[in-house]
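One structure is given here, and the rest of the page talks about it.
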Amino acid sequence: RSADDKFFISIGSTYQRPVGMVYKGANRNQKRDDKLVHCLNPAYGLKDPRWIVEYLEYHRAVGVSHVHVYNVDMHTPEVQAALQIYRDEGFITRHDWSEKASGGYTTKKTYEHAKWAAQTDCALRSRDIFHYALFSDMDEIVVGDPKDGLLTRALEMCEEAKKSKGKIACSFNSNTVSSIYTKLNDDEEKALKDKLILERYNRIEASPHCPSNCRQTGATVDRKFHYGRQKYILNVKDLEIQPRPMWTHALARDYTEMEKLMEVLPDDVMHVRHYQGHWYKNNNLLNSMEEK
């Protein structure tokens with residue numbers, strides 16, 4: 001409900017499931033003590049099931065215990081078949097976040113603001129079941145400690161920041177990786193055609209228009225929080241903490257408040273590789289890109 005009582009949204013039976021059915025623990029990561037749940041922001045546009053398989057398997061390997069998938073339009077039989085396998089394993093909980101299922105709430109025009117509702121929904125479902133909830137997008141791969149790739153060190157640092165500083169969440173940087181190549185010849189492009197994301201796209205922009213996807217003012221760069229397109233993990237185990245998301249790209253928060261609540265993790269502990277290229281293509285800037 002909004003502060004002025006002019007707006008409210010009720011999440012009814014289309015979205016809601018009994019808490020006991022949210023997570024059964026029947027997955028290969030049960031030994032990880034259910035430290036981390038992944039609240040995958042509403043996903044759309046995916047036709048090839050191989051990429052969702054790669055995405056889920058990768059994040060399971062680095063320490064994610066369970067994934068909430070908010071499905072906007074990934075309703076092809078192939079993608080649904082892949083998601084069903086993970087549902088049967090108990091590794092994902094699938095939410096129909098489509099415009100039809102939501103009664104017109106989650107349209108393309110309202111996508112960013114509907115993301116806020118999805119994050120709130122996931123935070124509420126995860127309380128007292130997991131220690132931390134990770135919020136990120138389908139085009140972002142979360143990278144942990146370079147020694148082993150795991151997110152264990154990040155979770156430990158965030159827990160220590162809570163104990164010593166009262167921090168309830170930790171943010172980390174989003175680093176742009178080109179998802180459209182500009183310098184490949186025909187043979188090179190053909191060789192990469194059927195590769196998965198981690199195999200195909202491994203080049204970082206040499207001189208991005210805005211380093212690490214962040215707002216830039218003059219010669220200085222503000223990398224923090226949603227202007228810096230940072231992502232975050234939120235403590236959902238402590239029931240004394242108000243259950244709310246910190247921010248989305250569409251909805252700003254008070255940065256002074258964020259400084260008090262958030263611990264910023266260094267890149268060698270945790271960051272995301274953001275696979276983005278459409279922005280350059282749509283703005284006819286591909287020739288300005290330099291890859292390394």
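The values are calculated or read from the model by the stated rules, or taken from the named source; none is laboratory data. Here the structure is a predicted model, which means the values were calculated and not measured. In this analysis, Cβ positions are derived from the backbone assuming ideal geometry, glycine residues included, and neighbour counts consider all displayed protein chains. When the accessible area is computed, the model is the full protein with side chains, heavy atoms only, and any ligands, DNA or RNA have been set aside. Shrake-Rupley method; radii C 1.70, N 1.55, O 1.52, S 1.80 Å.
Couple of notes before you dig in:
- Taken over region 243-258, the criterion of being touching a residue at least 24 places away in the same chain (Cβ under 8 Å) and either surrounded by 18 or more Cβ atoms within 10 Å (Cβ to Cβ) or not in a loop (DSSP other than H, G, I, E, B) (or both) is satisfied by Pro245, Met246, Thr248, Tyr255, Met258.
- Residues (under 17 Å from the mean Cα position of the chain (by Cα), modelled with pLDDT of 70 or more and either part of a helix (DSSP H, G or I) or aliphatic (A, V, I, L, M) (or both)) located in region 212-239: Phe225, His226, Tyr227, Gly228, Ile233, Leu234, Val236
- The condition of being charged (D, E, K, R), open to solvent by less than 10 Å² (accessible area, probe 1.4 Å) and either in contact with a Lys or Arg (Cβ under 9 Å, 6 or more places away or on another chain) or closer than 28 Å to Asn202 by Cα (or both) holds for only one of Glu89, Glu78, Glu140, that being Glu140.
- Helices (runs of 4 or more DSSP H) contained entirely in region 95-211, each with at least 1 residues that are closer than 22 Å to Val269 by Cα: 152-165, 197-200
- Among the residues making up region 259-292, those that are of a type in the set (A, V, I, L, M), more than 18 Å from the chain's Cα centre (by Cα) and either part of a loop (DSSP other than H, G, I, E, B) or within 14 Å of Arg229 (Cα to Cα) (or both) are Leu285, Met289.
- Selection within region 106-115 - farther than 12 Å from Tyr70 by Cβ, open to solvent by less than 70 Å² (accessible area, probe 1.4 Å) and touching a residue at least 24 places away in the same chain (Cβ under 8 Å): Glu112
- Within region 30-75, being open to solvent by 30 Å² or more (accessible area, probe 1.4 Å), touching a Leu at 6+ places or on another chain (Cβ under 9 Å) and not in a helix (DSSP H, G or I) holds for Lys35, Asp73.
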